[in-house]
Amino acid sequence: MFASSANIATLQKRAFYLQQVRAFFSARGVWEADVPLLSAASVTDVNLEALHCQVGGHQAFLQTSPEFYLKRLLAMGSGDLFYLGKAFRQDESGPRHRPEFTLLEWYRCGLNTQQLSAEIIALIQHLQPEITVQYSSYRQLFIDRFGVNPHCATLAELTAVARQHYGVSWEDPERNTWLDLLFTHGIEPHMPAGLLVVTDYPASQCALARLGVNAQGESIAERFEVYWGGLELANGYWELTTAEEQATRFAADLKTRASLRKPLPPVDQHLLAALEAGIPDCAGVAMGIDRLLMRLLGEAEIAAVMPFGNG
């Protein structure tokens with residue numbers, strides 16, 4: 001078959017929405033940055049795997065996100081900027097995933113996560129004005145659904161809840177494994193039909209976000225995610241700007257990767273140098289454009305909104 005997985009009418013709508021996204025940022029004075037797809041380093045995140053290839057006899061990685069390059073530009077004084085283009089992640093294929101996908105990522109200087117999440121809602125409402133919006137903390141979702149506080153529940157308590165609700169019989173020493181299982185199986189399927197902004201993630205899931213404290217005095221990650229009808233669209237942070245702390249997190253990631261016998265990608269020393277030089281106080285977010293289009297166009301599978309999503 002020579003035909004695209006999306007029909008021409010859908011691809012024309014896709015083009016229209018991409019134009020609208022660019023117009024939204026242009027009106028707000030946020031400029032579009034073009035960055036490389038290939039890099040000599042890659043993410044250390046235990047949950048992400050980069051595609052790699054040989055270029056000129058050296059190993060290179062296809063970017064899982066433009067984040068490291070964009071932060072280098074921030075350190076150069078770029079000001080507010082966004083990227084709209086391709087990103088790649090290995091072993092991601094299914095109704096909601098493709099190894100190659102279109103990513104929108106942007107950084108806003110001087111904003112925190114609350115202000116940036118409001119801008120995401122404004123962007124989506126720019127594309128679909130009638131969409132409804134709800135907010136909830138990660139903590140409240142767990143208490144409402146399972147009666148446990150995810151910030152202080154013990155490993156044994158989380159394991160017991162998972163076994164009670166889902167009959168799992170295996171063991172895992174990582175709290176995040178159980179938190180993720182309970183969230184994906186017990187919370188995501190019950191999310192509202194419209195937009196849901198989930199805030200204040202556990203500190204153990206901080207990734208590249210700052211740590212903070214919630215109203216109950218519990219340590220949290222200054223991070224949020226945006227869902228539409230239970231489908232994750234965006235993941236945002238109040239960005240970590242300390243080189244020393246970032247290097248410590250990279251080292252911790254690599255230690256975990258080694259214990260799991262996963263590949264050990266080289267750390268991006270250019271990013272650490274940019275953080276050392278100093279990047280402005282900012283919040284950043286990445287949004288999967290293909291997933292957004294799934295919801296805007298009422299499609300159940302991601303290939304239906306992608307040009308040649310099935311190869």
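Here are the numbers for this structure:
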{"quantity": "Strands (runs of 3 or more DSSP E) completely within region 209-265 that count 3 or more residues being closer than 23 Å to Cys109 by Cβ and in contact with a Phe, Trp or Tyr (Cβ under 9 Å, 6 or more places away or on another chain)", "calculated": "219-228, 231-238"}
{"quantity": "Candidate set: region 87-125, residues that are among the charged types (D, E, K, R) and closer than 24 Å to Ala75 by Cβ; chosen: the one surrounded by the fewest Cβ atoms within 10 Å (Cβ to Cβ)", "calculated": "Glu119"}
{"quantity": "Subset of region 25-51 (residues that are free of Cβ contacts under 8 Å to residues at least 40 places away in the same chain, surrounded by 11 or more Cβ atoms within 10 Å (Cβ to Cβ) and not in a loop (DSSP other than H, G, I, E, B))", "calculated": "Ser26, Leu38"}
{"quantity": "Residues within region 137-156 that are in a helix (DSSP H, G or I), surrounded by fewer than 16 Cβ atoms within 10 Å (Cβ to Cβ) and modelled with pLDDT of 95 or more, tallied", "calculated": "4"}
{"quantity": "Count - residues of region 184-208 that are without any contact (Cβ under 8 Å) to a residue 12 or more places away in the chain and either surrounded by 14 or more Cβ atoms within 10 Å (Cβ to Cβ) or assigned to a strand (DSSP E or B) (or both)", "calculated": "0"}
{"quantity": "Count - residues of region 1-24 that are touching a His at 6+ places or on another chain (Cβ under 8 Å) and loosely packed, with under 15 Cβ neighbours inside 10 Å", "calculated": "1"}
{"quantity": "Lone qualifier among Gln164, Gln134 - being in contact with a strand residue (DSSP E or B) (Cβ under 9 Å, 6 or more places away or on another chain), of a type outside the set (Val, Ile, Thr) and surrounded by fewer than 16 Cβ atoms within 10 Å (Cβ to Cβ)", "calculated": "Gln134"}
{"quantity": "Residues of region 162-198 classified as closer than 30 Å to Leu296 by Cα, small (Gly, Ala, Ser) and touching a Lys or Arg at 6+ places or on another chain (Cβ under 8 Å), total", "calculated": "1"}
{"quantity": "Whichever residue in region 280-311 is under 24 Å from Ala15 (Cα atoms), among the small types (Gly, Ala, Ser) and touching a residue at least 60 places away in the same chain (Cβ under 8 Å) and, among such residues, is surrounded by the most Cβ atoms within 10 Å (Cβ to Cβ)", "calculated": "Gly288"}
{"quantity": "Flag if Thr159 is of a type in the set (Ser, Thr, Tyr), out of contact with any Lys or Arg (no Cβ under 6 Å at 6 or more places or on another chain) and either more than 16 Å from Gln205 (Cβ to Cβ) or not in a helix (DSSP H, G or I) (or both)", "calculated": "yes"}
{"quantity": "Some residue of region 123-145 being small (Gly, Ala, Ser) and more than 18 Å from Gly236 (Cβ to Cβ)", "calculated": "no"}
{"quantity": "Subset of region 53-68 [of a type in the set (Phe, Trp, Tyr) and closer than 20 Å to Asn235 by Cα]", "calculated": "Phe68"}
{"quantity": "Residue in region 63-70 that is among the acidic types (Asp, Glu), part of a strand (DSSP E or B) and closer than 17 Å to Ile289 by Cα present", "calculated": "no"}
{"quantity": "Any chance Ala277 is of a type outside the set (Val, Ile, Thr), out of contact with any Gly (no Cβ under 8 Å at 6 or more places or on another chain) and free of Cβ contacts under 8 Å to residues at least 12 places away in the same chain", "calculated": "no"}
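The values are calculated or read from the model by the stated rules, or taken from the named source; none is laboratory data. All of these numbers come straight from a predicted model, not from anything done at the bench. In this analysis, Cβ positions are derived from the backbone assuming ideal geometry, glycine residues included, and neighbour counts consider all displayed protein chains.
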